[in-house]
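Below: the structure, in structure tokens.
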Amino acid sequence: QVQLVESGGGLVQPGGSLRLSCVASGTIFSIDSMKWYRQAPGKERELVATITSGGSTNYADSAKGRFTISRDNAKNTMYLQMNSLKPEDTAVYYCNIRYKRRAGILYYDSWGQGTQVTVSS
């Protein structure tokens with residue numbers, strides 16, 4: 001089994017910054033893509049940012065220019081630096097990884113439990 005633990009959420013004023021972390025532990029041979037999603041009250045879960053095993057990144061339009069996704073492969077850890085936060089960024093943020101448990105072709109998905117980000121004055 002693989003566990004993902006997110007941290008770094010909290011209450012921040014508009015214009016402020018937060019850095020989210022997601023640490024993966026367990027039976028992991030390799031991690032392919034790592035992603036951050038978020039879900040605001042009454043809304044569907046949406047993809048915020050993706051980083052591949054090679055370091056390529058992709059962002060939702062709402063995150064471009066303000067958020068930066070990164071990863072530390074040696075630590076099986078992913079980060080999301082969020083700057084210039086807006087009230088509409090308020091949501092529960094979830095990390096997701098696509099990984100292998102052993103050498104081969106099988107990939108698995110795992111989700112974290114989520115961390116609350118609230119942007120309010």
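The values are calculated or read from the model by the stated rules, or taken from the named source; none is laboratory data. Computed from a predicted model, the values in this text were never measured in an experiment. Neighbour counts are summed over all protein chains in view; Cβ atoms, including those assigned to glycine, are modelled from backbone coordinates with ideal geometry. When the accessible area is computed, the model is the full protein with side chains, heavy atoms only, and any ligands, DNA or RNA have been set aside. Shrake-Rupley method; radii C 1.70, N 1.55, O 1.52, S 1.80 Å.
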Tell me, what HN-Hα J-couplings in whole Hz come from the Karplus equation 6.51 cos²θ - 1.76 cosθ + 1.60 at θ = phi - 60° for each residue of the range 93-99, using x for Gly and Pro? 9, 10, 9, 9, 10, 10, 9
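With a ≥ b ≥ c the root eigenvalues of the C-alpha gyration tensor of the chain, is it rounded (a/c under 1.5), prolate (a/b larger than b/c) or oblate?
Note, shape of the chain comes out prolate.
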Considering only ILE31, LEU85, GLY65, whose Cα is most displaced toward the positive end of the charge dipole of the chain, charges sitting on Cβ of Lys, Arg (+1) and Asp, Glu (-1)? ILE31
Based only on Cα atoms, what Rg/Rh ratio does the range 57-121 have, Rh being taken as Kirkwood's radius? 1.04
Summing +1 per Lys or Arg and -1 per Asp or Glu among the other residues with Cβ less than 10 Å from VAL119's Cβ gives -1
Which net charge results when you count Lys and Arg as +1 and Asp and Glu as -1 among the other residues whose beta-carbon is under 14 Å from that of TYR107? +3
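State, as an integer percentage, the relative contact order of the range 5-119 based on alpha-carbon contacts under 8 Å between residues 6 or more apart.
36 percent
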In square angstrom, what is the accessible area per residue of the range 1-104 with a 1.4 angstrom probe? 52 Å²
With all protein chains present, the chain has a carbon and sulfur share of its accessible area (1.4 Å probe) in percent of 46 percent
